[in-house]
Protein chains: 2
Amino acid sequence: MENFSFYNPTKIEFGKEKEKNIGEYIKPFNIKKVLLTFGSDRIKKDGLFDVVIKSLKENNIEYIEFEGITSNPVLSKVYEAIEVAKKEKVDAILSVGGGSVLDSSKAIAAGSLYDGDVWDFFIGKNTVQNALPIFDILTLAATGSEMNCGAVVTNEKTNQKYAIQSAHLYPKVSVINPELMNTVSKDYLVYSAADIIAHCIEGYFTASVQPTFINRQIESIIKTVMETTEKLIENPNNYDARAEFAWASTCALNGLTYIGTKDFSYPNYMIEHILSALYNVPHGAGLSVIMPAWMKWYYSKNSIQFERFANEIFGLYSSQEGIQALENWFNKIGTPTKLSQFGLNESNFEEIIKVGLGNAEYFGVGEIYTKEVFEEILNLAK
Amino acid sequence: MENFSFYNPTKIEFGKEKEKNIGEYIKPFNIKKVLLTFGSDRIKKDGLFDVVIKSLKENNIEYIEFEGITSNPVLSKVYEAIEVAKKEKVDAILSVGGGSVLDSSKAIAAGSLYDGDVWDFFIGKNTVQNALPIFDILTLAATGSEMNCGAVVTNEKTNQKYAIQSAHLYPKVSVINPELMNTVSKDYLVYSAADIIAHCIEGYFTASVQPTFINRQIESIIKTVMETTEKLIENPNNYDARAEFAWASTCALNGLTYIGTKDFSYPNYMIEHILSALYNVPHGAGLSVIMPAWMKWYYSKNSIQFERFANEIFGLYSSQEGIQALENWFNKIGTPTKLSQFGLNESNFEEIIKVGLGNAEYFGVGEIYTKEVFEEILNLAK
């Protein structure tokens, strides 16, 4: 077990109707004016917006609306919001939406207190020294951003889907009401399941040191996600399943699954980010395609762990059986497992690999993920 | 799944030699003078004391020594320390020791900023409004106090072993170096194992709502504790086992195992606290006696969960088999399972029950734990 530091000061307010108190949660931080970030006017149609502003008004918190953040969020929109935040002198960001809105909000929070280009933080030209306080109401469980200090944004000019991390970017309070997720489409439910499982397996398979206790905790998340996804496909209004799915999602990326590990990397993210950046493929859908292919390419490098995975998750014995069982499960729930399902084929490999080599460099795995390796994995995914 | 709030701002510094940086961890909080609390002069003999004061001095932090806190810590000692803390105008408490020193330190931290009697907080006469910042270097893994906001102290005049809880009592930084625990005696190792398992099962068996995901996380802790205890009995210097044991101990009582549960109680603690208060029985040893007896009395009230326990932990099927397997395992590792091992028998039941009825009232389970029930459980434990 490696030495580690763990610190996660985000307060979670989890459960039914918690969003009604958002003003009460924000007020103790002495906030007078927030930038209210969201995606589409869906939150106005379904009443969530009204609930939020009612609570803000009751607590004398002004708000400036910032609409139009899309999934696979883009840098141009972050720039735009930073300008508004600076001009309006907001004290905090309140994100209402899924991981894309929240990740953008983290970038906005950092950029609003920075004179330079916020992209500097993503490319390592500078580090975040400060950020506006971040609050959020989560409407989609997948990214885990609600209880961590990271964010991913795509620079659409350069096709770079890159990340920032800073202790300043932990949300102060995250509201997770599973009922707000009842309307998530079946497609986005299963993409989210793939996304959470990907968060779990990256370290699990790639770390050179991986405590058994952490293995067990990760497996408890994967089992829970698989079980509750199936229940939610059957009945999207199953509250307990929705709640366990959401909390498992939060736990998959709040730092606890990386305790005491060493040398882990994020190959599936690194590869999937190419697909999102180039073809706007939904992140989770891209991951369910990349994971089985990557696993088939990788398993012999850590066969004991792949056998453990097969055994603990599926009651099977060999690495290959475990990988196949995961792919079968993705097929069963209806998330893609082949590039062809996105209309992609060998003719796209060249441009995928071109961006991929840049990503590999950025992720610090350039020596491993060469052109030949990308070709091999893409062929396994085609 | 029930609504919940989760907030745990303690920073954990975990691993080899981390205690060498204690001054660096304290300094950012603008602390000039700490009350350095500890048990015996063992920490002076083994060199830990010197390491700590070296780092404090390097960071210009003054310290006042406060020695002599015992296991099953007593209120009189807390009073004594509060006087010193007030007189010396310390800015923080630095606890160096196990859960007893840390729990006392939390009470000292709360009492130092309070004009009344600190026992008021324990008996509900007042609530903690403020406390000195708490830091700690842990030398025994068992209580979980290093990452929660609770503390237990015995009022030796009234034989009440009671608790306080307040968000002000989260340690700011907890240092956990598993190597400092290598010298823990085999007895205290196995008592600690029982203590951690008790933390796990209280909610697991008594909650009226218990999410499956939380069951899985609890089981991952129990399995890890059992596995690593056996490894440590074999070789006390097995670093990875020591580290996983320690981190599992922290995770057993940092709030995450009670997420989304409802109506749980702490019957084993409630009963064991009698033994500690009356006979100064080591807390973990008392728990390994009470748990099997309590389980035999209780299992029919939640048989599905007891069958789950038998199956997940021991690969067995019936409630009774699971309980017997746990008792056998306690016997195997050498922690007591019968009152007679403390020299206690039926002649002690009257005084035990007298204190017990008071405890049950305090724990809010007075209606369930009547004289007859205590008798039944004690007979199962004799």
Item to check | the range B:1-127 - charge dipole about Cα centre, Lys and Arg +1 at Cβ, Asp and Glu -1, debye rounded to 20 | outcome: 280
Checklist entry - Relative to the longest principal Cα axis of chain B, at what angle does helix B:75-88 sit, 0 to 90 degrees, rounded to 10? => result 20
Checklist entry - With θ set to phi - 60° and the Karplus curve 6.51 cos²θ - 1.76 cosθ + 1.60, what are the ³J(HN,Hα) couplings of the range A:304-310 in order, to the nearest whole Hz, using x for Gly and Pro? => result 4, 5, 5, 5, 4, 4, 4
Checklist entry - How big is the Kirkwood radius of the range B:1-145, worked out from every pair of different alpha carbons and given in Å to one decimal? => result 15.8
Item to check | Estimated distance in nm for a label pair at A:K262 and B:N280, the labels positioned 7 Å out from Cα along Cα-to-Cβ | outcome: 4.4
Next on the checklist: Skipping prolines and chain starts, which residues have an amide H placed within reach, meaning under 5 Å, of the one on A:K33, given they are 5 or more residues away or on another chain?
Outcome noted: A:E62, A:D91, A:A92
Checklist entry - Put a dot 7 Å past each Cα toward the Cβ at A:I368 and A:N311; how far apart are the dots in nm? => result 2.3
Next on the checklist: Normalised by the empirical 2.2 N^0.38 Å for globular proteins, what value does the Cα Rg of the range A:175-221 take?
Outcome noted: 1.47
Checklist outcome for this item: Taking the dipole of the protein assembly as shown about the Cα centre (Lys, Arg +1; Asp, Glu -1; charges at Cβ), the one of A:P282, A:S174, B:I201 that reaches farthest to the positive side is A:S174
Next on the checklist: As a check on your reading of the symmetry: which chain B residue has its Cβ nearest the axis that brings B onto A, and how far is it in Å?
Outcome noted: B:P9, 2
Item to check | Table column - 3J(HN,Hα) (Hz), the range A:11-16, Karplus curve with 6.51, -1.76, 1.60, x for Gly and Pro | outcome: 8, 9, 10, 10, x, 4
Checklist entry - Rounded to the nearest 20 Debye, what is the dipole magnitude of the range A:212-254 about its Cα centre when Lys and Arg each give +1 and Asp and Glu each give -1 at the C-beta? => result 120
Item to check | From phi via Karplus (6.51, -1.76, 1.60), per-residue ³J(HN,Hα) for the range B:321-337 in Hz, x at Gly/Pro | outcome: 4, x, 5, 4, 5, 5, 4, 4, 5, 4, 4, 4, 7, x, 9, x, 10
Next on the checklist: Given the -39500 (n - 2.57) contribution per DSSP H run of 4+ residues, what per-residue ellipticity at 222 nm results for chain B, rounded to the nearest 500 deg cm²/dmol?
Outcome noted: -15500 deg cm²/dmol
Checklist outcome for this item: Counting only DSSP beta bridges with both partners in chain B, the antiparallel fraction in percent, to the nearest 5, comes to 25
Checklist outcome for this item: The simple spin-label model distance between A:N328 and A:N3, using points 7 Å out along Cα→Cβ, in nm, is 4.6
Checklist entry - Which distances, shortest first and in nm, link B:G343 to the matching position in the other copies, using label points set 7 Å out along Cα to C-beta? => result 8.5
Next on the checklist: Give me, ordered by chain and number, the residues 5 or more places off B:V74 or on other chains with an amide H under 5 Å from its own placed amide H.
Outcome noted: B:T154
Checklist entry - For chain A, with only Lys/Arg (+1) and Asp/Glu (-1) charged at the beta-carbon, what is the dipole magnitude about the Cα centre, in debye rounded to 20? => result 580
Next on the checklist: Given R₀ = 41 Å, what would the calculated FRET efficiency be for A:I123 paired with A:N379, taking r from the Cβ atoms and rounding to 0.05?
Outcome noted: 0.85
Next on the checklist: Show me, bin by bin at 10 Å from 0, the whole-percent P(r) of the range A:164-313 based on Cα pairs.
Outcome noted: 11, 37, 38, 14, 0
Item to check | Ascending list, in nanometres, of distances separating the B:D240 label from those of the other copies (7 Å, Cα toward Cβ) | outcome: 3.7
Next on the checklist: Just to be sure I understand the curve: with the Debye formula and one point per C-alpha of chain B, what is log10 I(q)/I(0) at q = 0.06, 0.10 Å⁻¹?
Outcome noted: -0.22, -0.62
Checklist entry - Between copies, how far does the label point of B:D115 sit from its twins, in nm, shortest first, when each point is 7 Å from Cα along Cα→Cβ? => result 4.9
Checklist outcome for this item: Taking every alpha carbon pair in the range B:126-180 and sorting the distances into 5 angstrom bins from 0 up to the bin holding the longest one, the percent per bin comes out as 4, 18, 23, 21, 18, 12, 4, 1
Checklist entry - What FRET efficiency, computed as 1/(1 + (r/R0)^6) with R0 = 41 Å and r the Cβ-Cβ distance, is obtained for A:K16 and B:K57, rounded to the nearest 0.05? => result 0.20
Item to check | Potential extension, A:E65-A:S208 segment - 0.36 nm per residue separation minus Cα distance | outcome: 46.9 nm
Checklist entry - How long, wide and thick is the range A:233-365, going by the Cα atoms along their three principal axes, in whole angstroms, largest first? => result 43, 35, 29
Checklist entry - Which whole-number percentage describes the relative contact order of the range B:60-196, with Cα contacts under 8 Å and a sequence gap of 6 or more? => result 25
Checklist outcome for this item: If unit charges are put on Cβ atoms (+1 for Lys and Arg, -1 for Asp and Glu) and the dipole of chain A is taken about its Cα centre, the option from A:L316, A:A248, A:G39 lying farthest towards the positive end turns out to be A:G39
Next on the checklist: What value in Å³ per residue do you get for the convex hull of the alpha-carbon atoms in the range A:312-361?
Outcome noted: 120
Checklist entry - So for the protein assembly as shown, what percent of the C-alpha to C-alpha distances run longer than 34 Å? => result 52
Next on the checklist: Once you keep just the Cα pairs under 8 angstrom separated by 6 or more residues, what percentage relative contact order results for chain A?
Outcome noted: 16
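Every number in this text was worked out from the coordinates using simple rules, so none of it is lab data. Everything numeric in this text was worked out from a predicted model, so none of it was measured. Neighbour counts run over all protein chains shown; Cβ positions are idealised from the backbone, glycine included.
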